[in-house]
There are 2 protein chains.
Amino acid sequence: MLNIALAQMNIHAGDPRYNVTVMKKNIAQAKEIGCDMIIFPELAIPGYLIGDVWDQQDYIDECVAFGEELRQLSADITIVFGNVACESGRVNLDGHLRKYNAMFVARNKEFLSPHASPYPFYIKTLLPNYREFSDSRYFTSLLEVAQERHIFVEDLFSPIRVDFGNNRHLTIGPLICEDSWDENYPFKPMSFLGKQYSPDMFINISNSPFTLGKTQRRHRLFGQSIKKVHAPTLYVNCTGIQNNGKNIYTFDGSSCTYTKEGNPHFECQPFEEELAFVQYDEISRTFTSPKKTNLPKKETEEIYTSLRYGITSFLSSIGVNKVVIGVSGGIDSAVNAALYAAILPPSQIMLVNMPSCYNSSITKDLAKTLADNIGCLYTVIPVQDSLELTRKQIQTAEVYSGEKKVSHLELTSFIEENIQARDRSSRILAAVAASFGGVFTCNANKAETAVGYATLYGDHAGYLSATADLWKHQMYALAVYLNQNVFHRDVIPKGSIDIVPSAELSASQDIAKGQGDPIIYPYHDYLFASFVENWHRVTPQSILQWYIDGTLEEHIGCSISVHTLFPTAKEFIDDLERWWKLVSGFAVAKRIQSPPILSISRRSFGYDLREAQLKPYYTTKYVSLKEQLLKTKV
Amino acid sequence: MLNIALAQMNIHAGDPRYNVTVMKKNIAQAKEIGCDMIIFPELAIPGYLIGDVWDQQDYIDECVAFGEELRQLSADITIVFGNVACESGRVNLDGHLRKYNAMFVARNKEFLSPHASPYPFYIKTLLPNYREFSDSRYFTSLLEVAQERHIFVEDLFSPIRVDFGNNRHLTIGPLICEDSWDENYPFKPMSFLGKQYSPDMFINISNSPFTLGKTQRRHRLFGQSIKKVHAPTLYVNCTGIQNNGKNIYTFDGSSCTYTKEGNPHFECQPFEEELAFVQYDEISRTFTSPKKTNLPKKETEEIYTSLRYGITSFLSSIGVNKVVIGVSGGIDSAVNAALYAAILPPSQIMLVNMPSCYNSSITKDLAKTLADNIGCLYTVIPVQDSLELTRKQIQTAEVYSGEKKVSHLELTSFIEENIQARDRSSRILAAVAASFGGVFTCNANKAETAVGYATLYGDHAGYLSATADLWKHQMYALAVYLNQNVFHRDVIPKGSIDIVPSAELSASQDIAKGQGDPIIYPYHDYLFASFVENWHRVTPQSILQWYIDGTLEEHIGCSISVHTLFPTAKEFIDDLERWWKLVSGFAVAKRIQSPPILSISRRSFGYDLREAQLKPYYTTKYVSLKEQLLKTKV
């Protein structure tokens, strides 16, 4: 029998001293209750998303030194942990320090090697270079090591044998976050090791961010792989948050043991730091106790849980505990206010309503009701006087060329819309937040972020966009969830949920007349998602082909018929081009300067979806489909 | 004798239709004058920096189809070009479409293969994953192809044999931007091909951004490699600009032929689109004519040339031809104004001075003089009234908790500094720019960008930071250069160059009293550069070690003695920690939301230097060095 500790620790990326302090405490605790082995996540010492801090030689040396300290603690316990490994003085092709994303197994103050490896650690082989990951930027893979030594990678793969004393031993198949890879790839470490060596057990250490539905996907995919190799498996992932600048990721942990049939046997609590203990019978190759699995969560519950965790952790990481939220009476700011209300005491939340002459009394009242419902601080600071001052200053500004007065400046209604938006965030909210001793939020959603339906330095400003990875329909679902499941009362006024979404920035956006945003969310949410989240990142070419084939709704997953929205092909195409032009054009420029996004989807704007400022492009195929369609259908 | 055309084309990234139109014209022109071969740059059809447009299957299909069109034009001429290649329907390990960064050689309507290759194109082998490059995110390398086929990469390397008719033929060593790699790497295509096959000639197609001093570096490094393999070499690079969102890069072209001794023989004009023709004698293996090399440029001339080219091209790419520049009378805004004055007619430039009560008449006069010198439009829009309105609105705002008035908000002098900065950019400049029909600029330099000495949505706003990759000393040198070499008169008033740099945002920043920025540029420029640009990204640990060793000035390259600036170790350490805390802390948060940067250095903030929001970290070694130092020296 073996006692094994799973250290689902909250990794503080960029703070190895903190991480090692936690690890040492966990090791002491595990020793105290007689554990044979303790397992920490991937890159537990340095953290994962630390950007180009990976280039800092001083930082790498520090992490390696801390790894040595852990080795010294392995006299009576086997310690498995992820750390950066590096060959002293060895540089890469590009001049950078050569580094590995490595798994160390320490026992009797020694690091054990996979027996075929030249190094006393396992090197991550499948380096992800998609979405938010840039592993090849920082790490050399086992494939490259093999190539360099002029051998094949399978000659370097092998399990690690650990002798626990009292005739108990294990051969361990090491994996670093290599859990959900295409089975057919020839060098998949898990299938190769499984077939070649039949290790007693796989240990997968991870540093893997949360995305919607991820745990269930992992149970399915990783479970299948485990079933094939027929080996009980330990999966240890971290909690906490990490970021790459533009994206803040939550880490759910969800560490878990799998039976050799690929079924979860013990699951840690998601989003909670935990040192869990399991018993393993090495004779029968089964986890004996405890047995505990979690109920799968529905999407909106997952969204709420991760946003709540992410906001809480991010505020704490930047040392802030007060927020200012501009509230319009609409759904997005109401959802943000309610989210923060679920996190901070009401006295640390200030809602600010900033009406101009275009804001209706309906929405102003809704904003006030929201504040009353939360019980937080509330103030009204109109932007009308400032708008008028700006109008006067700009329209009466004397423009000279040398000594000659040459022209004056005019403001259009459209310019004044943006003036109001910037005035609210950059003049009022920023100053109020500074005075209040906190930060102000950006209340964007993913649909408006996609097309840049927001003003730079205006509603596209703030310390964090907590909801910018939520499509509008997810925003509505979250509003209902907050009322029903979090507050058990209508904290978000029903009016804010029912009202037509509107920016209320001009007379043409009068909610009393039902005039609102130009985005038709029940269709555009899904259209934009196909541009952004679809694996092949659909362009108007595919959209138009599907429209012609009559399969568009099915392909993009929307339940509204596009023919009811756009009676003619021309209207459909005009709409498609209007948004494509923005998504792939001006909206990119706005996103470059927009706040960081709390990411929950499998593709969020930012470092996850990397964008250049380009001219919107229509493929030749699209151009010809369009020509045909307009010829035949108009 | 062979007639060869080097197509130093201006690649429009993301616009294959445009690129192919240019290529077809070039091919027609080359055919007309009887060329045997025309060579285009790397990724000439799709462009290089297009972000995750690389995920769009429709886009890839489009580029591949255009490549086929070019193949059809190769009946009478050999066409060498870079394009994306892809195996139909084949996906990678991670589910993405498998793509190669490839060189195609078309002759007689066929694509010629390197004879050992399974593909009718050469696959880029050394994929850069540093700085702004993320090749492994998008492309599969020849190493991976070899691994997958269970052979070694050298079994796939081979030259391409081209038969030009009339008994003229060449074996070509293909290279894709693989010109400046460590000679000792075992799979360096150039040295391997050179040793194994002695090809008649190397052709290196590139898509390589400009950085300061790059051409001379290439001549030295690539020249050395060429000398070793003793083969005449063609280097074809593109012009234009490309961006990855946060960084705008200029591409200088600087296409060139090298003799087999590794010396440049013919160089295209940098930063100019050009279809150059050279003659090559395949018997003597020499380029016969023309012979033309460029004089190396000094740093400031290079800076000016690339900024001018970058700004011009970027304005054109976004369809803007009017700019608004906030001018304070200080050096940074003056340099920006003069730069734009070298690009746009004076009637398309509007300078705006926005004084508050803290701005001296000295700087206000300097701003006016600058505008007069340029002859552009000029206006003064004070921020004092707005500051007072904001002060009044915020300090008299009634803050409620329910029906109870609970508190009111106060503004400190520091908050009011930021209010002024945001008022200038987000309220005035943004509105003036919209009214003028243009954009407003961000006038940041690299030192203040490094430490975040700027206000978000304030002076850290604008459509582009043209000078944010220039240290302050480069800014001064550029000011002098603009006056002396571009305008041949003092367009930038001497006063703006001589005055103490100051933000003039409070009474404590009074330039009349010589009170200015807290940054001591002659030291901090170099300190910050060591944090950012040094290959091993120095941390306070190395700085302190060098300080103790007495080698700091030498290591970071500053000419001022730190002991004259900081008489005691404590003062030195306080200063070091003050800035490190900002560089690695709050300044990161600001940079996430700051405008795109025109990049000229070998490490500029943005996608070139990727950053996470982390807690500033001090290594254990640093902490102990500091303790020792303070113990012994205080």
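Taking (1) over 21 Å from A:Tyr249 (Cβ atoms); (2) in contact with a strand residue (DSSP E or B) (Cβ under 9 Å, 6 or more places away or on another chain); (3) more than 12 Å from chain B (Cβ to nearest Cβ) in turn, A:Gln613 satisfies each apart from (3).
One line per residue, one yes/no per condition, for (1) farther than 27 Å from A:Gly606 by Cα; (2) not basic (Lys, Arg):
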{"site": "A:Gln269", "(1), (2)": "yes, yes"}
{"site": "A:Gln279", "(1), (2)": "yes, yes"}
{"site": "A:Thr286", "(1), (2)": "yes, yes"}
{"site": "A:Leu295", "(1), (2)": "yes, yes"}
{"site": "A:Lys298", "(1), (2)": "no, no"}
{"site": "A:Thr312", "(1), (2)": "no, yes"}
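Residues that are at pLDDT 95 or above and open to solvent by 30 Å² or more (accessible area, probe 1.4 Å) within region B:170-183 comprise just one, B:Thr171. Of the residues making up region A:16-23, one or more are crowded, with 23+ Cβ neighbours inside 10 Å, closer than 22 Å to A:Ser254 by Cα and not hydrophobic (A, V, I, L, M, F, W, C).
Residues that are more than 9 Å from chain B (Cβ to nearest Cβ), over 29 Å from the mean Cα position of the chain (by Cα) and either modelled with pLDDT of 90 or more or outside any strand (DSSP E or B) (or both): does region A:126-143 have at least one? No, that holds for no residue. Screening the candidates A:Pro199, A:Pro186 for the property of being more than 27 Å from A:Gln242 (Cβ to Cβ), open to solvent by 10 Å² or more (accessible area, probe 1.4 Å) and either modelled with pLDDT of 95 or more or not hydroxyl-bearing (Ser, Thr, Tyr) (or both) yields one hit, A:Pro186.
Within region B:589-628, if we keep just the residues that are in contact with a His (Cβ under 9 Å, 6 or more places away or on another chain) and more than 18 Å from B:Pro518 (Cβ to Cβ), the residue that is surrounded by the most Cβ atoms within 10 Å (Cβ to Cβ) turns out to be B:Ser594. Conditions: (1) under 23 Å from B:Tyr119 (Cβ atoms); (2) small (Gly, Ala, Ser); (3) in contact (Cβ under 8 Å) with a residue 40 or more places away in the chain. B:Gly51 meets all but one. Number of the miss? Every condition holds for B:Gly51 apart from (1).
Scanning region B:285-303 for residues that are open to solvent by 50 Å² or more (accessible area, probe 1.4 Å) and either under 30 Å from B:Ser599 (Cβ atoms) or polar (S, T, N, Q) (or both) yields a total of 10.
Summed over region A:481-500, residues that are at negative phi and open to solvent by 60 Å² or more (accessible area, probe 1.4 Å) total 6.
Within region A:349-382, the residues that satisfy the criterion of being surrounded by 21 or more Cβ atoms within 10 Å (Cβ to Cβ), modelled with pLDDT of 95 or more and of a type in the set (Gly, Ala, Ser) are A:Ala367, A:Ala371.
Exactly one residue among A:Ala434, A:Ala447, A:Ala454, A:Ala503 is within 13 Å of another protein chain (Cβ to nearest Cβ) and surrounded by 19 or more Cβ atoms within 10 Å (Cβ to Cβ), and that residue is A:Ala434.
So is A:Ile27 closer than 30 Å to A:Arg285 by Cβ, more than 14 Å from chain B (Cβ to nearest Cβ) and assigned to a strand (DSSP E or B) or not? No; evaluated as a whole, the condition is false for this residue. Selection of first residues in region A:512-531 that are closer than 27 Å to A:Ser360 by Cα and of second residues that are of a type in the set (Phe, Trp, Tyr) and open to solvent by less than 50 Å² (accessible area, probe 1.4 Å), restricted to Cβ pairs under 6 Å at least 6 apart or on distinct chains, gives the following pairs, ordered by first then second residue: A:Asp525/A:Trp471. Among the residues making up region B:383-413, those that are more than 8 Å from every other protein chain (Cβ to nearest Cβ) and surrounded by 15 or more Cβ atoms within 10 Å (Cβ to Cβ) are B:Val383, B:Gln384, B:Leu387, B:Arg391. Exactly one residue among B:Thr257, B:Thr239 is farther than 22 Å from B:Ile45 by Cβ and either open to solvent by 10 Å² or more (accessible area, probe 1.4 Å) or polar (S, T, N, Q) (or both), and that residue is B:Thr257. A Cβ distance below 6 Å, combined with a sequence gap of six or more or placement on separate chains, defines the contacts here; from region A:335-348, residues that are open to solvent by 10 Å² or more (accessible area, probe 1.4 Å) and at pLDDT 95 or above reach residues that are outside any loop (DSSP other than H, G, I, E, B) and among the hydroxyl-bearing types (Ser, Thr, Tyr) in the pairs A:Ile343/A:Thr312. B:Phe66 - would you say it is in a helix (DSSP H, G or I) and either polar (S, T, N, Q) or over 25 Å from the mean Cα position of the chain (by Cα) (or both)? So B:Phe66 fits the description; yes.
Quick check on my filter: what residues within region B:506-528 are under 20 Å from the mean Cα position of the chain (by Cα) and either open to solvent by less than 20 Å² (accessible area, probe 1.4 Å) or among the basic types (Lys, Arg) (or both)? Once the filter is applied, which keeps residues that are under 20 Å from the mean Cα position of the chain (by Cα) and either open to solvent by less than 20 Å² (accessible area, probe 1.4 Å) or among the basic types (Lys, Arg) (or both), region B:506-528 yields B:Asp525, B:Phe528.
Can you find even one residue in region A:209-224 that is touching a Phe, Trp or Tyr at 6+ places or on another chain (Cβ under 9 Å) and on the phi > 0 side of the Ramachandran plot? No.
Residues considered: A:Phe531, A:Phe586. Of these, the only one that is open to solvent by 30 Å² or more (accessible area, probe 1.4 Å) and within 25 Å of the chain's Cα centre (by Cα) is A:Phe586.
Residue count for region B:586-607, restricted to those that are more than 9 Å from chain A (Cβ to nearest Cβ) and in contact with a Ser or Thr (Cβ under 6 Å, 6 or more places away or on another chain): 4.
The values are calculated or read from the model by the stated rules, or taken from the named source; none is laboratory data. Since we're looking at a predicted model, the values are computed, not measured. When we count neighbours, we look across all protein chains shown, and the Cβ atoms used for this are built from the backbone with ideal geometry, even at glycine. SASA here: full protein model, heavy atoms, side chains in, ligands and nucleic acids out. Shrake-Rupley method; radii C 1.70, N 1.55, O 1.52, S 1.80 Å.
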